[in-house]
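So the structure is just underneath, and the comments pick up after that.
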Amino acid sequence: MKGNLWTFCLLASLFLSGCDSGSVNSLYPEEFPLQDVILLDGPFKHARDLNIETLLQYDVDRLLAPFFIEAGLQPMGELYPNWKGLDGHVGGHYLTAMAMNYAATGNEECGKRLKYIVSELKTCQEANKVNNPEWGTGYIGGVPDSKTIWSTLMKGDFKAYRSAWVPWYNVHKLYAGLRDAWAYAGNEDARDIFIEFCNWGINITSGLSEEQMQSMLDTEQGGMNEIFADAYKITGDQKYLEAAKRFSHRMLLDAMSSDTDNLDNKHANTQVPKAIGFQRIGELSGDKKFTEAGRFFWTTVTQNRSLAFGGNSRREFFPSTTSCIDFVTDVEGPESCNTYNMLKLSEGLFRIQPSAQYADFYERALFNHILSTQHPEHGGYVYFTPARPMHYRVYSAPNEGMWCCVGSGMENHGKYNQFIYTHEGDSLYVNLFIASELNWRDKGVKLIQNTAFPQEEQSRITISKASSPFTLLVRYPSWVDDNKLKITVNGNPVEFDSQPSSYVAINHEWKKGDEVIISLPMNNTIEHLPNVPEYVAFMHGPILLAAKSGTEDLKGLVADDSRWGHIASGKKLPLATAPVLVEDDFSVLVDKLVPVEGKPLTFSMSNLKMENASDLVLEPFSGIHDSRYVMYWLSLTNDQYKSYSDSLRLLEKSRLALDGRTIDFVAPGEQQPEKDHSAEIQGSGTGNTLDEFWRDARNEGSFSYLLNTGGQKNLSLNVRYIGSERGNRKFNIFIDEKVLVTVDNTGKWKQNSFHEVEYSIPDSFISGKKNVRVKFQALPGNSTSQVSYVRLVKRNPI
């Protein structure tokens, strides 16, 4: 912030104390305002406070630059270079983070920045009205080339829209930021800007048919249906509810509402926000189709598609049953954004039906995944959490990597107090065991929850004020055995018949000084990797235990500003060298873990029969940083281990040899890799075979990618084809418009399997070039083969 704008910001801060920060109650009546739930000392308060320090290192004017540019104004800061093409998405997340942290802590700097951002966005919205009257009245987005995209989309021309990087997803983040600036911090200007922005969204799509709307929604759109549902809640105007339904993708809605899982090979975080919108529409309208769609989506993802720490997806996609092994072979594990959104969906479903199953999942994902995605010292955020044994994760740095998971990470650590308690009528739900204070203003009730959970197996709730009668509902966690939960009130046992994953209702004439002690005995258990039962994870209560496995080659541990810096690109250690548990009876594994004296939640594995390692120590995964680790353990019987060892070494040797020769690669048909490699596509289609995406082109159509040569010579092009193709498959492969080879794969393999072919590249094609464009173009009347991977590799030595 510069000059008079900074002065304005300082003056505006004088009025912050007058902001109504209770607006969240009108959006979510069952939740408490963040300022009424105070975090006490513990890991969550530390994470929240560290996150504020991290957030305040970001340059607000650079975050605002995309909005100024698209409004035709001179920006006061330079664009962030990383993820260029998605300019503006982090700005919306940042606004939400400022709102949450200001509401929760009263941090003055967060309040100042919130006011400043909203004021500057208002300037941009007003400028759009003047500079872009044909399409931009009410617009406030930072989508690059907004004018072309939106002016053509409103006419039903989706060419520019489809060529851009997920425009609706981009603007959704600012919609949410403006809503939250009002909901959490009571900023009325933000509310007005939000509603006008919603009107723009309705107007820009008003000329589209239902068929065109559904076609438009094939591209990732964030949670636009939820945004319009919230506008309906705020205003009561039915047009916003109709817009919410119009922005709901029927492909997912129809399947989920009929309890049909159609998620295989779909981009995970494209789908989760849609389900949040379904839930919200159902919550506000009573439409059971939408409610059921949100509920079933949550159920199938949490029960069938999530790992032990609560995350889901690999390479950003939901794998099918047969490809779940990718979780332990790939390094692009569950994405933080997915869990961020699954927690939001859990909260919404809990508002409709306060079931303990939602709180059980929330606890698991919060304590394991979300808490682990922040570095405990410098506050960097994590994108992918690999489940591959002996790999690691990397962290962002302020003003460097501007990934999607940086945006959601900005929010994650500011709302740890949001779901600890909820209320309904005269009932108070204790959902999470986190040290905190609650001020239930409407009932004149205050309480303090003192706990070091999960380091200790109890929580103590003290009533510090009680002006009204209420029922205290304490969660009976799913991980506490039958009849093992113990609760006392003032030393007297509470009698109840509740079972695990439910709530215990305590009716008492509450008075100041009353004390509730909740005993939470935890056990060691194992959980199998979805659809790959040979891999197991160790849990202690709801806490995932993992083991450090070394610090070799932690390349890019704190990511730079490179396009793929969010991927842990250090050496993939061979799976054949990963620890293997050998036991004929899996059920005894947990009994052989030995507690480490003086270290809660820490266990020696010395009593387990283990190949490739010995005496490793299990500890909470959320506390492992700057290290390789093992969270999933291959567990085999003695007979299985004997046959496994030799076959894995051969396979892994081949795979790693190819990885070692690879300079750059792209996976055709997958959204993110194609964007990363500047895809140019004409007359081309995609599909999925044997759980791999592919792309082909027809009748002189083509697809091409910009690949990095590393400045090297002696390269080959390695192409992975699908072998079960029909029809004529004749095509040219070009390197920068020079024909490398004419290929005829017509009827070549006739089998449903993958085939890798290498084509030597003349040095003259690549000499002196840092990048080359590799193009596949079908000959007239032909198609290209279905291509699933394209690699530039070092030539195999003769």
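Of note, Gly380 does not satisfy the criterion of being modelled with pLDDT under 95, open to solvent by less than 10 Å² (accessible area, probe 1.4 Å) and not aliphatic (A, V, I, L, M).
Counting the residues of the stretch 636-666 that are more than 14 Å from Asn796 (Cα to Cα) and not in a helix (DSSP H, G or I) gives 5. Applying the criterion of being assigned to a strand (DSSP E or B) and open to solvent by 40 Å² or more (accessible area, probe 1.4 Å) to the residues of the stretch 502-516, the residue that is nearest to Phe470 (Cα to Cα) is Asn507. The residues on offer are Phe327, Phe296, and the sole one that is open to solvent by 20 Å² or more (accessible area, probe 1.4 Å) and among the hydrophobic types (A, V, I, L, M, F, W, C) is Phe296. Is at least one residue of the stretch 714-734 modelled with pLDDT under 95, open to solvent by less than 60 Å² (accessible area, probe 1.4 Å), among the aromatic types (Phe, Trp, Tyr) and farther than 20 Å from Val666 by Cβ? No, every residue in the stretch 714-734 fails to be modelled with pLDDT under 95, open to solvent by less than 60 Å² (accessible area, probe 1.4 Å), among the aromatic types (Phe, Trp, Tyr) and farther than 20 Å from Val666 by Cβ.
How many residues, within the stretch 367-376, are part of a helix (DSSP H, G or I) and among the hydroxyl-bearing types (Ser, Thr, Tyr)? Walk me through it before giving the result.
Applying the first criterion (part of a helix (DSSP H, G or I)) to the stretch 367-376 yields 367-372.
This time we only want the ones that are among the hydroxyl-bearing types (Ser, Thr, Tyr), so: 372.
Residues in the stretch 367-376 being part of a helix (DSSP H, G or I) and among the hydroxyl-bearing types (Ser, Thr, Tyr): 1 in total.
Here the stretch 610-628 is the region considered, the condition is being closer than 19 Å to Lys599 by Cα and part of a strand (DSSP E or B), and the residue that is farthest from the chain's Cα centre (by Cα) is Val617. Please determine whether any residue of the stretch 330-342 is within 13 Å of the chain's Cα centre (by Cα), closer than 20 Å to Arg280 by Cβ, crowded, with 24+ Cβ neighbours inside 10 Å and aliphatic (A, V, I, L, M). Checking the stretch 330-342: at least one residue is within 13 Å of the chain's Cα centre (by Cα), closer than 20 Å to Arg280 by Cβ, crowded, with 24+ Cβ neighbours inside 10 Å and aliphatic (A, V, I, L, M). Every test in (1) open to solvent by less than 80 Å² (accessible area, probe 1.4 Å); (2) under 18 Å from Thr422 (Cβ atoms) is passed by Glu456 save one, and that test is (2). Cβ separations smaller than 8 Å between residues 6+ apart or across chains give the following pairs from the stretch 492-518 residues that are at positive phi to residues that are among the aliphatic types (A, V, I, L, M) and in a strand (DSSP E or B): Gly513/Ile463.
For the stretch 649-667, the condition of being open to solvent by less than 20 Å² (accessible area, probe 1.4 Å), in contact with a strand residue (DSSP E or B) (Cβ under 7 Å, 6 or more places away or on another chain) and more than 28 Å from Val757 (Cα to Cα) holds for none of the residues. Within the stretch 473-491, identify whether any single residue is touching a helix residue (DSSP H, G or I) at 6+ places or on another chain (Cβ under 9 Å) and in a strand (DSSP E or B), and answer yes or no. Checking the stretch 473-491: at least one residue is touching a helix residue (DSSP H, G or I) at 6+ places or on another chain (Cβ under 9 Å) and in a strand (DSSP E or B). Pairs meeting the criteria (first residue in the stretch 344-362 and under 11 Å from Pro477 (Cβ atoms), second residue in a loop (DSSP other than H, G, I, E, B) and among the β-branched types (Val, Ile, Thr), beta carbons under 9 Å, at least 6 apart or on different chains) are lacking.
Could you list all residues from the stretch 416-450 that are open to solvent by 20 Å² or more (accessible area, probe 1.4 Å) and closer than 26 Å to Gly379 by Cβ? Before you say what the answer is, go through the steps one by one.
Narrowing the stretch 416-450 to residues open to solvent by 20 Å² or more (accessible area, probe 1.4 Å): 423-427, 429, 437, 439, 441-443, 446, 448, 450.
The one that is open to solvent by 20 Å² or more (accessible area, probe 1.4 Å) and closer than 26 Å to Gly379 by Cβ: Glu437.
Listed here are the helices (runs of 4 or more DSSP H) enclosed by the stretch 133-233 that have at least 3 residues being closer than 22 Å to Ser119 by Cβ and either among the basic types (Lys, Arg) or open to solvent by 30 Å² or more (accessible area, probe 1.4 Å) (or both): 188-204.
Taking the listed residues Thr742, Thr686, the one that is hydroxyl-bearing (Ser, Thr, Tyr), over 24 Å from Phe317 (Cα atoms) and without any contact (Cβ under 8 Å) to a residue 40 or more places away in the chain is Thr742, with no other qualifying.
Inside the stretch 579-614, residues that are touching an Asp or Glu at 6+ places or on another chain (Cβ under 9 Å) and either within 27 Å of Lys555 (Cβ to Cβ) or in contact (Cβ under 8 Å) with a residue 60 or more places away in the chain (or both) make up a count of 6. Close contacts from the stretch 169-191, counting a first residue that is farther than 18 Å from Cys110 by Cβ and a second that is aromatic (Phe, Trp, Tyr) and modelled with pLDDT of 95 or more, with Cβ to Cβ under 6 Å and a gap of 6+ residues or different chains, come to Arg191/Trp182.
Per-residue answers, yes or no, for (1) part of a loop (DSSP other than H, G, I, E, B); (2) closer than 20 Å to Trp694 by Cβ; (3) under 35 Å from the mean Cα position of the chain (by Cα):
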{"residue": "Gly711", "(1), (2), (3)": "yes, no, yes"}
{"residue": "Leu717", "(1), (2), (3)": "no, yes, yes"}
{"residue": "Gly727", "(1), (2), (3)": "yes, yes, no"}
{"residue": "Gly768", "(1), (2), (3)": "yes, no, no"}
{"residue": "Gly781", "(1), (2), (3)": "yes, no, no"}
{"residue": "Val793", "(1), (2), (3)": "no, yes, yes"}
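With respect to Asn612, is the statement that it is more than 25 Å from Pro530 (Cβ to Cβ), touching a strand residue (DSSP E or B) at 6+ places or on another chain (Cβ under 8 Å) and not small (Gly, Ala, Ser) true? So Asn612 does not fit the description; no.
From the residues in the stretch 517-554 that are touching a helix residue (DSSP H, G or I) at 6+ places or on another chain (Cβ under 9 Å) and of a type in the set (Val, Ile, Thr), which one is farthest from Lys465 (Cα to Cα)? Here the residue is Val532. Only a single criterion out of (1) open to solvent by 10 Å² or more (accessible area, probe 1.4 Å); (2) modelled with pLDDT of 95 or more; (3) in a loop (DSSP other than H, G, I, E, B) is not satisfied by Lys465, namely (3).
Based on what the data block shows, is Phe350 over 28 Å from Phe228 (Cβ atoms), part of a helix (DSSP H, G or I) and among the aromatic types (Phe, Trp, Tyr)?
Numbers: over 28 Å from Phe228 (Cβ atoms): no; part of a helix (DSSP H, G or I): yes; among the aromatic types (Phe, Trp, Tyr): yes.
So Phe350 fails the test.
Among the residues that make up the stretch 745-759, is at least one of them open to solvent by 50 Å² or more (accessible area, probe 1.4 Å), in contact with a Lys or Arg (Cβ under 9 Å, 6 or more places away or on another chain) and part of a loop (DSSP other than H, G, I, E, B)? There is at least one residue in the stretch 745-759 that is open to solvent by 50 Å² or more (accessible area, probe 1.4 Å), in contact with a Lys or Arg (Cβ under 9 Å, 6 or more places away or on another chain) and part of a loop (DSSP other than H, G, I, E, B).
Applying the criterion of being in a helix (DSSP H, G or I) and small (Gly, Ala, Ser) to the residues of the stretch 36-70, the residue that is nearest to the chain's Cα centre (by Cα) is Ala47.
Scanning the stretch 377-412 for residues that are over 17 Å from Val60 (Cα atoms) and part of a loop (DSSP other than H, G, I, E, B) yields a count of 16.
Does Leu472 fit the bill of being of a type in the set (A, V, I, L, M), surrounded by 19 or more Cβ atoms within 10 Å (Cβ to Cβ), at pLDDT 95 or above and within 17 Å of Ser436 (Cβ to Cβ)? Please lay out each step first, then the result.
Values: of a type in the set (A, V, I, L, M): yes; surrounded by 19 or more Cβ atoms within 10 Å (Cβ to Cβ): yes; at pLDDT 95 or above: yes; within 17 Å of Ser436 (Cβ to Cβ): yes.
Yes: the conditions hold for Leu472.
The values are calculated or read from the model by the stated rules, or taken from the named source; none is laboratory data. Everything numeric here is computed off the predicted structure, so don't read it as measured data. Glycine gets a Cβ as well: all are built from the backbone with ideal geometry, and neighbour counts include every protein chain shown. Ligands, DNA and RNA are excluded from the accessible area calculation, which covers all protein heavy atoms including side chains. Shrake-Rupley method; radii C 1.70, N 1.55, O 1.52, S 1.80 Å.
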